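The values are calculated or read from the model by the stated rules, or taken from the named source; none is laboratory data. Predicted model only: the values in this text are computed from it and were never measured. In this analysis, Cβ positions are derived from the backbone assuming ideal geometry, glycine residues included, and neighbour counts consider all displayed protein chains. Each accessible area value is taken on the protein alone, full model and side chains, heavy atoms only, with ligands, DNA and RNA left out. Shrake-Rupley method; radii C 1.70, N 1.55, O 1.52, S 1.80 Å.
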Amino acid sequence: MGIDRKLPIAGAFGFLIAACASAHAVDTHVQSLIDKTRNTRATYALYSWNVITKPGEKEIQEWSAEFHQETKHRVETPRDRLIADCATMEGTYLEVATKEIIRGPQVARAACGIQANSKIESARILGDLQTRFGLAQQIEIVDPEYIRTYDISSEGILFGATISAKGDHRNVLVRGQAVAVEKTLPARDIFSEESLNQTFVHEKYRTESLSQ
């Protein structure tokens, strides 16, 4: 499927390639949390397990991974790989099956922290949340189609996320949860366009046992 232009379910965190839209005014505290995810300088490798439920289709469970260092970011799912520079907002997306390439700032807006390709209609802080990796703050963002929640660490790392249909917030389309967070990257050169030809996710992070 690649990055679905209508339903943002490539991985846990709503990677949505679309036209950028202006946002409504957001409370400064909430905006600071959103910005923290987009501007983090932390070095980490984060591996997640995701449950994807599209209406009328069989549930999908799959892995995803995010790698970050300074301003560079990389995302992998079984179908997609993308890299971005979150300072220059340059990005490249690869659909693994077809080898289709998309380049442009919309890729970076999708990859760098909380995705910035959807107009924010409202946003609020839901409170603190204790995760297996430490304390996080949970926020809710409403856009024209979806209700999204994110669990944000003190470093701006996304420990978890959900995407729900706007008409029925109980209808969770995507639920993603970090299962491993490491402070070192799996290889040195993982942010070049050439590196998109290979995966850097070890087999142990691609198994269903991680969800247990």
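Computed quantities for the displayed model
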quantity: Karplus 3J(HN,Hα) series, Hz, for region 68-76 with 6.51 cos²θ - 1.76 cosθ + 1.60 (x for Gly, Pro); calculated: 9, 7, 6, 9, 8, 9, 9, 10, 9
quantity: Spacing of the two label points (7 Å from each Cα toward its C-beta) at T53 and H29, in nm; calculated: 3.1
quantity: Å² per residue, accessible surface of the chain at 1.4 Å; calculated: 46
quantity: The chain, relative contact order [Cα under 8 Å, separation at least 6], %; calculated: 23
quantity: About the Cα centre, charge dipole magnitude for the chain (Lys/Arg +1, Asp/Glu -1 at Cβ), debye; calculated: 100
quantity: Linear extension gain, D128 paired with I101, 0.36 nm per residue minus alpha-carbon span; calculated: 5.9 nm
quantity: Exceeding the 21 Å Cα-Cα cut-off - candidates K54/K166; K99/K204; K36/K183; K119/K166; K36/K204; calculated: K99/K204; K36/K204
quantity: Residue list for region 51-65, given a label point 7 angstrom along the Cα-to-Cβ vector of T207 and an amide N cut-off under 15 Å; calculated: 63
quantity: Segment K119-S192, length gained on full extension (0.36 nm per residue, minus Cα span); calculated: 23.3 nm
quantity: Carbon and sulfur %, accessible surface of region 129-174 computed with the full protein complex present, 1.4 Å; calculated: 48
quantity: P(r) weight above 14 Å for region 32-107, C-alpha pairs, percent; calculated: 68
quantity: Contact order normalised by residue count of region 114-161, Cα under 8 Å, 6+ apart, percent; calculated: 29
quantity: Residue-by-residue Karplus 3J(HN,Hα) for region 33-43, coefficients 6.51, -1.76, 1.60, Hz, glycine and proline x; calculated: 5, 4, 5, 4, 5, 8, 10, 4, 10, 5, 9
